[in-house]
Amino acid sequence: MTKFKLPIEKPEPDIENFVNIMNGKIIPDKPPMVEYLIDNTVMKPILQDMLGRKWVSPTDKTDNMDGEIDFSKENIEKINAWLDNQIAFWYHMGYDFIRIETSLALPAISLSVLDTAKVSGDRVRVWQDESKGVIRSWDDFEKYPWPKIKEEDFYIHRYICEHLPDGMGFISSHGGGVFEHLSRLMSYEGLCLTLIDDPALFKAVTDKIGELIYEYDKYLLELGKLTAILQGDDFGYSTQTLIPPEDIRKYFLPWHKKYAQLCHEKGKPYYLHSCGKVDVLMEDFINYVKIDGKHSFQDGVASIVDAKKSWGNQICLLGGVDVDKLARLETGELRKYIRQIINKCTPGGRFAIGAGNSIPSYVPVENYLTMLDEALK
């Protein structure tokens, strides 16, 4: 790790500059950096070995945000120490912002399994059940313990805003979008069947989730130092959308349009993270929803270079380093690959370099640092 010029001893974050590059007001000599999520397996050794900080987990159940956080008085000191680490990491790695997302309590059927990445040890990961849902009927819908939004839901966000270093911004969102939570509550198999058998129930559950996230966004946008909302909602996989595009347009995009309008009323950008092959929806994202930027790209589906050619003059493009390549390539090849992306996507601005999706546990720490090192040159 010592061969990298990281961590940066005296960073100079400039979130205003980041936003101006993203909206095309500034054409940079080099792109800023962006990430959606960074797994703790990658973050932990950097914080400990490079920044000399003690690792703290906000929950004893898992080493990530999969477990429910205890906000009791006895646990607040641990949560604050964890948040201080998060801020220090994003700051000293050279980002202009910190991004953290949290979710309302929307209990679903899930599977707890050991993380498959060798470096993760015996850490437990939580995966949704794809065939068993907690909402399968109108009776289930009526009895479901729908949460109410409370001030306490935003402790993490307020703490970050109150402790941001000068020049640094904060990008957040509700953890999981409307479609994603629908698939957790009904299961993917269940939502597909309900879409055909009982579209009224499908819409009722969708709208309930959509309204909760809308109210959540209202709270977020009252935070003075919130820079933007980067909302995740995965509509696709490697070959097509997860349900027919016309149904995504009918049931889900109107909610994202409302979220974008809410942001724009506050003068904030609305960025969308959506995985998979969603090119059939891009014109809807841009012209109907009116997103300001798109995140999540993979070379086997839609590369960041191709996306830049197609949409780079309309919205900003975030990330783009294919996660498979980030995980597998040797250092020399990885540098060449990242440099090619930077050279092709930086002209004209509206581009930030980072992983095409997130930084998962199986990305080697050295490869992650290589990406940052190449981006900072």
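A few points about this structure:
- Phe252 long-range amide H proximity, modeled H, under 5 Å: none
- Projected over every direction and averaged, the convex hull enclosing the alpha-carbon atoms of the stretch 15-376 yields 17.2 nm².
- For the stretch 98-108, the Karplus equation 6.51 cos²θ - 1.76 cosθ + 1.60, evaluated at θ = phi - 60°, returns couplings of 10, 10, 9, 10, 9, 10, 5, 6, 10, x, 9 Hz by residue, with Gly and Pro reported as x.
- Using the Cβ-Cβ distance between Arg249 and Tyr219 with R0 = 35 Å, the FRET efficiency computed as 1/(1 + (r/R0)^6) comes to roughly 0.80.
- 3J(HN,Hα) couplings calculated from phi for the stretch 268-283 with the Karplus curve 6.51 cos²θ - 1.76 cosθ + 1.60 (θ = phi - 60°) are, in sequence order, 10, x, 10, 9, 10, 9, 8, 7, x, 7, 10, 4, 5, 9, 4, 5 Hz; Gly and Pro show x.
- Here the 3J(HN,Hα) profile of the stretch 296-301, calculated from phi with Karplus coefficients 6.51, -1.76 and 1.60 at θ = phi - 60°, is 5, 9, 9, 4, x, 10 Hz, Gly and Pro shown as x.
- Pairs of Cα atoms nearer than 8 Å and 6+ residues apart set the relative contact order; for the chain it is 22 percent.
- With both labels modelled 7 Å from their Cα along Cα-to-Cβ, the Gln261 to Leu51 distance reads 3.9 nm.
- Sites Lys344 and Lys203, calculated FRET efficiency, Cβ-Cβ separation with R0 56 Å, nearest 0.05: 0.85
- Centre-to-centre, using Cα atoms only, the stretch 221-241 and the stretch 173-201 are separated by 17 Å.
- Among Tyr144, Phe71, Ile286 - extreme Cα towards positive end, dipole of the stretch 15-376, charges at beta-carbon: Ile286
- If the segment from Lys78 to Asn313 were pulled out straight at 0.36 nm per residue, it would be longer than the present Cα-Cα gap by 80.2 nm.
- Of the residues Tyr144, Tyr368, the one with the fewest other Cβ atoms within 10 Å heads the list, and the complete ranking is Tyr144, Tyr368.
- The stretch 325-356 and the stretch 277-299: distance between their alpha carbon centers, rounded to Å: 20 Å
- Taking Leu191, Leu318, Leu281 as the candidate residues, the one with maximal mean-square fluctuation in a Gaussian network model of the chain, Cα springs under 10 Å, is Leu281.
- Gain in span if fully extended, Trp127 to His163, counting 0.36 nm per residue against the direct Cα distance: 9.7 nm
- Placing +1 on each Lys and Arg Cβ and -1 on each Asp and Glu Cβ, with no other charges, gives the stretch 15-376 a dipole about its Cα centre of roughly 820 debye.
- Counting DSSP beta bridges with both ends in the chain, the antiparallel % (nearest 5): 25 percent
- Ranked Asp247, Asp139, Asp39, criterion: other C-beta atoms within 10 Å, fewest first: Asp139, Asp247, Asp39
- Neighbour-count ranking [beta-carbon atoms within 10 angstrom, fewest first] of Phe141, Phe170: Phe141, Phe170
- Cβ-Cβ FRET estimate between Tyr288 and Asn20, R0 fixed at 22 Å, reported to 0.05: 0.30
- Taking a ≥ b ≥ c as the square roots of the eigenvalues of the alpha-carbon gyration tensor, the stretch 185-334 is classed oblate because a/c is 1.5 or more while a/b is no larger than b/c.
Bear in mind these aren't lab numbers, they're just calculated from the coordinates by the rules spelled out. Not measured: the values here are computed from a predicted model. Heads up, the Cβs are rebuilt from the backbone with ideal geometry, glycines too, and the neighbour counts pull from every protein chain shown.
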